[in-house]
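Bear in mind these aren't lab numbers, they're just calculated from the coordinates by the rules spelled out. Just so it is clear, the structure is predicted and the values come from calculations on it, not from any experiment. Note that we place each Cβ from the backbone using ideal geometry, even for glycine, and neighbour counts take in every protein chain shown.
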Amino acid sequence: MTEHRIFRTSFASIYPLYVAKAERKGRTKDEVDEVICWLTGYDTAGLDRVVAEGLDLASFFAQAPALNPNAPLITGLVCGVRVEEIDDPLMQRIRWMDKLVDELARGKRMASILRA
């Protein structure tokens with residue numbers, strides 16, 4: 001089976017898109033950082049380092065300090081696919097991140113987004 005092209009996409013190339021999407025909807029870069037850090041265990045300095053190094057998404061998640069134990073609580077549709085039904089663990093993590101940013105952009109409360 002061939003590897004998905006998204007796995008080799010750099011985090012640095014999609015991160016500004018996440019920030020722009022959130023800012024268009026009145027949210028902030030700090031809020032984007034908060035949801036990504038919640039999911040992956042990175043801190044803000046770690047995210048800055050990952051962007052500077054140009055890590056691809058496979059490496060981004062492989063080097064993540066600690067995936068949040070509540071991440072499996074992230075459910076719903078991203079691009080017409082239920083995130084809880086994705087078989088590939090890496091693809092599921094990428095879609096979890098997409099889903100969190102989508103929820104942020106839609107105006108959900110941070111406590112709800114972070115599954116508190």
Placing each pseudo-label 7 Å from Cα in the direction of the beta carbon, Thr44 and Arg115 end up separated by a distance in nanometres of 2.5
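Using the count of nearby Cβ atoms within 10 Å as a rough guide to exposure, how do Asp33, Asp87, Asp43, Asp56 rank from fewest to most?
Values: Asp33 19, Asp87 6, Asp43 12, Asp56 16.
The order, fewest Cβ neighbours first, is Asp87, Asp43, Asp56, Asp33.
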Using modelled backbone amide H atoms (1.01 Å from N, in-plane), which distant-in-sequence or interchain residues come within less than 5 Å of Asp56's amide H? Phe11
Each label point is 7 Å from the Cα along the Cα-to-Cβ direction; what then is the distance between the points at Cys79 and Lys108, in nm? 1.9
Whole Å is fine, so just give me how far the alpha carbon centre of the range 1-46 lies from that of the range 54-113. 10
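Using unit Cβ charges (K, R positive; D, E negative) and no other charged atoms, how large, in debye to the nearest 20, is the dipole of the chain about its Cα centre?
420
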Mean shadow area (nm²) of the C-alpha convex hull around the range 5-111 is 6.3
If we sort 100-106, 66-72 on the protection proxy, mean other Cβ atoms within 10 Å, highest first, what's the order? 100-106, 66-72
Virtual spin-label span in nm between Arg24 and Ile6, 7 Å along Cα→Cβ: 1.8
